[in-house]
1. Being of a type in the set (A, V, I, L, M), touching a residue at least 60 places away in the same chain (Cβ under 8 Å) and in a helix (DSSP H, G or I) is the filter here; which residues of the range 59-78 pass it?
2. Out of the residues in the range 25-46 meeting the condition of being part of a loop (DSSP other than H, G, I, E, B) and at pLDDT below 70, tell me which one is surrounded by the most Cβ atoms within 10 Å (Cβ to Cβ).
3. Considering each of 107, 129 in turn, give the residue that is in contact with a His (Cβ under 9 Å, 6 or more places away or on another chain) and either β-branched (Val, Ile, Thr) or closer than 26 Å to residue 24 by Cβ (or both).
4. Considering every residue within the range 190-202, establish whether at least one is modelled with pLDDT of 60 or more, part of a loop (DSSP other than H, G, I, E, B) and within 27 Å of residue 93 (Cβ to Cβ).
5. Looking at residue 151 and the list (1) surrounded by 15 or more Cβ atoms within 10 Å (Cβ to Cβ); (2) modelled with pLDDT of 95 or more; (3) more than 16 Å from the chain's Cα centre (by Cα), which single condition is not satisfied?
6. When the range 121-175 is examined, which residues are found to be within 15 Å of residue 200 (Cα to Cα) and in contact (Cβ under 8 Å) with a residue 60 or more places away in the chain?
7. Listed residues 123, 144; which is surrounded by fewer than 19 Cβ atoms within 10 Å (Cβ to Cβ) and within 23 Å of residue 55 (Cα to Cα)?
8. What do you reckon, is residue 49 exposed (fewer than 15 other Cβ atoms within 10 Å of the Cβ), modelled with pLDDT under 95 and farther than 18 Å from residue 239 by Cβ?
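The values are calculated or read from the model by the stated rules, or taken from the named source; none is laboratory data. Just so you know, these numbers come straight off a predicted model, no measurement behind them. Please note: Cβ atoms are built from the backbone with ideal geometry, for glycine as well, and neighbour counts cover all protein chains shown.
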Amino acid sequence: MLRSTLHFFGDNYYPTAEIYTQRRSAPGIMDIAYLRYYKSDTIDGPMATSVAAHRWTAPMLALMEHLKPAVKSAQTTSPAIFLETRGAVSIKDAMTGSLYNLRFASTTINIIEKGSHAGIDAKSFGIITPYLAQLHVYEQALRKLHSEFPDAGFNHVLVGTTDSMEGNERPIIIFDSGVTNLVGFTNDKGRCLARAKDIVIVVAQPAKLETFDHVDTELKEVYKLAHDRKLVRYLRDDHVLYAHRYVSTRVQLNQLNLDEIENANL
């Protein structure tokens, strides 16, 4: 084809169109997003099914099998990985009001560092998180990793919010939902699941999220679909991914924060 899709619709005066063929991501990455937002199964184009076009899919599946072994056969081959944590607490920064979650951040940074040590290019990773306080936790951890391993490429890991990731992509995207009880920004649709080419990993704790106008949040609905497809991997309370030497925070705690931590541990 020598004509672009945009020119085709413009020349025929079509005001809108829905395209169900995806040509960028490895087969399986877009399935949950298409089911949730388009009520359709994904149609994969030729490049999507090319193994050569998705060089990090197999190495990342092998890494995740080592970090959290699959318990369902679908998990061994699907490039869409949904991690459900237990015991994570989202804390509000007393100065800015933004949220951060050290257990989510540790899980994400551990995956990236262990992936780098396994031969996966750190520049291939991207992190999406809705909260600036959490973004700063990631930036600080990645700076320390870059200082320890200056040639590994940790300074090139793409880190952004849901909005700033519009138009960006990486072979491997990790979406840190950030929240464990409030709805927060988790009702944003689609973008967080559609930025990856080879692997998408979602880190969340949807079980305790509140409802919104008596309706489950987008994150809960997405995890329901993932659960139906047997793609959710559950991390136990004491999982090794929950702690990382470089994940810390400089934000200020106030009494409300301390109460939140205490109540979450009851």
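1. 60, 61, 64, 67, 74
2. Taking the range 25-46 first, the residues part of a loop (DSSP other than H, G, I, E, B) are 25-30, 38-42, 45-46.
Okay, now just the ones that are also at pLDDT below 70, so 25, 38-42, 45-46.
Working: 25: 30, 38: 14, 39: 7, 40: 10, 41: 11, 42: 19, 45: 11, 46: 9.
The selected residue is 25.
3. Checking each option against the conditions leaves just 107.
4. yes
5. (1)
6. 124, 126, 128, 169, 171, 172, 174
7. Among 123, 144, only 123 is surrounded by fewer than 19 Cβ atoms within 10 Å (Cβ to Cβ) and within 23 Å of residue 55 (Cα to Cα).
8. yes
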